[in-house]
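K.L.:
Have a look at this one.
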Amino acid sequence: MDFEYSDKVKELQERLSAFMDEHIYPNERIFRQQIDEGDRWQPVAIIEELKEKAKAADLWNLFLAHSDYGPGLTNLEYAPLCEIMGWSPLAPEIFNCSAPDTGNMETLDRYGTEAQKTQWLIPLLEGRIRSCFAMTEPDVASSDATNIQSSIVRDGGGYLINGRKWWISGAADPRCRIIIFMGKTDPQHPETYRQQSMILIPIDTPGVRVLRPLPTFGYDDAPHGHAEMLFENVRVPAANILLREGAGFEIAQGRLGPGRIHHCMRVIGLAERALEKMCRRTLKRVTFGTPIAEQTVTLERIANARILIDQARLLTLKAADMMDRVGNKEARKVIAMIKVAAPNMACQVLDWAIQAHGAGGVSDDFGLAYAYNVARWLRLADGPDEVHRNQIGKLELRKYKRTS
């Protein structure tokens, strides 16, 4: 692959970085203040204000690759922009490039009917509503998605839906209007991966209940958050099915590939900011008569952090390039590799940065504790490390089984 970014990407990088410097970094403290002073589960004024500035700057919906609705960027072109957004937890939503909305918009764009796009995709693209994706369940090991037990049963002109879901990002957000729900339409189908389907459920449908927010390491991520939900005899029209019955896993693979690129590039940006903070902190702090930055252990950690970040970035760009050239299926091994490599890298770099800050590193003063929380739960989101490593190992062994 060509590692030189195009002029179009470079221009977008410059504009995006300038916007971050002018509008996002200076407002991070204001965001935290507004969250703490008001109703934590209501939209935050500074975020809504900055969204309008991002729209006016034509830095909106940059993520939607290979689509008439997006700016025409490939996955490889969008990846470095996603990294810049990863420097601040505020940025993705401000540019309408945050999960799970990005994955849901890609799903609707790729698999939705024209009516579904008009009703849900357009408002999401315009930032008028938000969405969530309901797959994981508390009663089964959802790392194997074939275990999911929620039911989607055809009933006359519609479907009847029952199940309990959790870790549903965005479900507690008052702007959330639509749920993409995964459950079984044909639990007896002989092909395991054709038992499940995806269906659209408006969140105000009778029988849908948000039971509780689920904090991670004590962070509730309000007003977006992660939630446990209950679906009891929820009825929706048959027209709400996505693509067709039995296509749940097909849609999931199409949805999760780009999402993993986005997650990994954002967490690389998060690690870059942690490294910057570590360098600045250790240059200023003196112990036993010597700046911490000059101590061998610190130099070694800074060097290793630089190596790990650059390795993760190159591998992620390779995955994005392969997705663009040969598609998600052919790129699946590299996609799995980055999903393991990038969050683990970020956890290590953040651990070193926290150590360099002393006790302050585990406080909320420097943002490192929250960043570590993000990197750590990302090792579980979109499939845990163990599942991806199993897939990588099997695909690697397959090459040798053919020749043995």
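The values are calculated or read from the model by the stated rules, or taken from the named source; none is laboratory data. Only a predicted model underlies this, so the values are computations on that prediction, with no experimental measurement involved. Heads up, the Cβs are rebuilt from the backbone with ideal geometry, glycines too, and the neighbour counts pull from every protein chain shown.
K.L.:
Kindly check whether there is at least one residue in segment 383-397 that is buried (at least 19 other Cβ atoms within 10 Å of the Cβ), assigned by TED's automatic domain parsing to the domain that holds residue 303 and either among the acidic types (Asp, Glu) or out of contact with any Pro (no Cβ under 6 Å at 6 or more places or on another chain) (or both).
P.N.:
At the first step, the residues of segment 383-397 found to be buried (at least 19 other Cβ atoms within 10 Å of the Cβ) are 383, 388.
Going one step further and asking which of them are assigned by TED's automatic domain parsing to the domain that holds residue 303, we end up with 383, 388.
Restricting the remaining residues to those that are either among the acidic types (Asp, Glu) or out of contact with any Pro (no Cβ under 6 Å at 6 or more places or on another chain) (or both) gives 383, 388.
Taking every residue of segment 383-397 in turn, at least one turns out to be buried (at least 19 other Cβ atoms within 10 Å of the Cβ), assigned by TED's automatic domain parsing to the domain that holds residue 303 and either among the acidic types (Asp, Glu) or out of contact with any Pro (no Cβ under 6 Å at 6 or more places or on another chain) (or both).
K.L.:
With 228, 250, 245, 272 as the choices, which residue is of a type in the set (D, E, K, R), at pLDDT below 95 and surrounded by 16 or more Cβ atoms within 10 Å (Cβ to Cβ)? Talk me through it step by step, then tell me what you get.
P.N.:
Working: 228 fails: at pLDDT below 95; 245 fails: at pLDDT below 95; 272 fails: at pLDDT below 95.
It is 250.
K.L.:
Which numbered condition trips up residue 88, out of (1) farther than 30 Å from residue 162 by Cβ; (2) buried (at least 22 other Cβ atoms within 10 Å of the Cβ); (3) polar (S, T, N, Q)?
P.N.:
(2)
The rows are residues; the columns are (1) in contact with a Gly (Cβ under 9 Å, 6 or more places away or on another chain); (2) closer than 29 Å to residue 319 by Cα; (3) buried (at least 21 other Cβ atoms within 10 Å of the Cβ).
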position	(1), (2), (3)
29	no, no, no
37	no, no, no
42	no, no, no
72	no, yes, no
76	no, yes, yes
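K.L.:
Check every one of the strands (runs of 3 or more DSSP E) wholly within segment 104-180 and list those with 2 or more residues that are touching a residue at least 12 places away in the same chain (Cβ under 8 Å) and over 22 Å from residue 377 (Cα atoms). Even if it seems obvious, please write down each step before you answer.
P.N.:
Details: elements: 130-134, 151-155, 158-169.
Per the criteria, 151-155, 158-169.
K.L.:
Let me ask something additional. Consider residue 79 carefully, then state whether it is in a loop (DSSP other than H, G, I, E, B) and either aliphatic (A, V, I, L, M) or touching a strand residue (DSSP E or B) at 6+ places or on another chain (Cβ under 6 Å) (or both). Break it down stepwise before answering.
P.N.:
Details: in a loop (DSSP other than H, G, I, E, B): no; either aliphatic (A, V, I, L, M) or touching a strand residue (DSSP E or B) at 6+ places or on another chain (Cβ under 6 Å) (or both): yes.
Taking the combined requirement at face value, the residue does not satisfy it.
K.L.:
Being among the charged types (D, E, K, R), free of Cβ contacts under 8 Å to residues at least 12 places away in the same chain and under 20 Å from residue 221 (Cα atoms) narrows it down to one residue among 93, 52, 22, 48; which is it? Break it down stepwise before answering.
P.N.:
Details: 93 fails: free of Cβ contacts under 8 Å to residues at least 12 places away in the same chain; 52 fails: under 20 Å from residue 221 (Cα atoms); 22 fails: under 20 Å from residue 221 (Cα atoms).
Answer to the selection: 48.
K.L.:
Can you tell me which of (1) in a loop (DSSP other than H, G, I, E, B); (2) over 17 Å from residue 227 (Cα atoms) is the one residue 99 doesn't meet?
P.N.:
For residue 99, the exception is condition (2).
K.L.:
Mind listing just one residue for me: the one in segment 47-67 that is among the aliphatic types (A, V, I, L, M), surrounded by fewer than 21 Cβ atoms within 10 Å (Cβ to Cβ) and not in a loop (DSSP other than H, G, I, E, B) and, of those, nearest to the chain's Cα centre (by Cα)? Step through it out loud before you land on a result.
P.N.:
Step one: list which residues in segment 47-67 are among the aliphatic types (A, V, I, L, M), which gives 47, 50, 54, 56-57, 59, 62, 64-65.
Checking which are surrounded by fewer than 21 Cβ atoms within 10 Å (Cβ to Cβ) leaves us with 47, 56-57.
Remaining after also requiring not in a loop (DSSP other than H, G, I, E, B): 47, 56.
Details: 47: 18, 56: 25 Å.
By that ranking, first place goes to 47.
K.L.:
Given the criteria free of Cβ contacts under 8 Å to residues at least 12 places away in the same chain and within 20 Å of the chain's Cα centre (by Cα), does residue 70 qualify? Step through it out loud before you land on a result.
P.N.:
Details: free of Cβ contacts under 8 Å to residues at least 12 places away in the same chain: yes; within 20 Å of the chain's Cα centre (by Cα): yes.
For residue 70, the condition - free of Cβ contacts under 8 Å to residues at least 12 places away in the same chain and within 20 Å of the chain's Cα centre (by Cα) - is met.
K.L.:
When you look at residue 293, is it assigned to a helix (DSSP H, G or I), among the aliphatic types (A, V, I, L, M) and crowded, with 22+ Cβ neighbours inside 10 Å, yes or no? Even if it seems obvious, please write down each step before you answer.
P.N.:
On the way: assigned to a helix (DSSP H, G or I): yes; among the aliphatic types (A, V, I, L, M): yes; crowded, with 22+ Cβ neighbours inside 10 Å: no.
So residue 293 does not fit the description; no.
K.L.:
Next up: Which members of segment 362-382 meet the condition of being surrounded by fewer than 16 Cβ atoms within 10 Å (Cβ to Cβ) and β-branched (Val, Ile, Thr)?
P.N.:
The one that is surrounded by fewer than 16 Cβ atoms within 10 Å (Cβ to Cβ) and β-branched (Val, Ile, Thr): 362.
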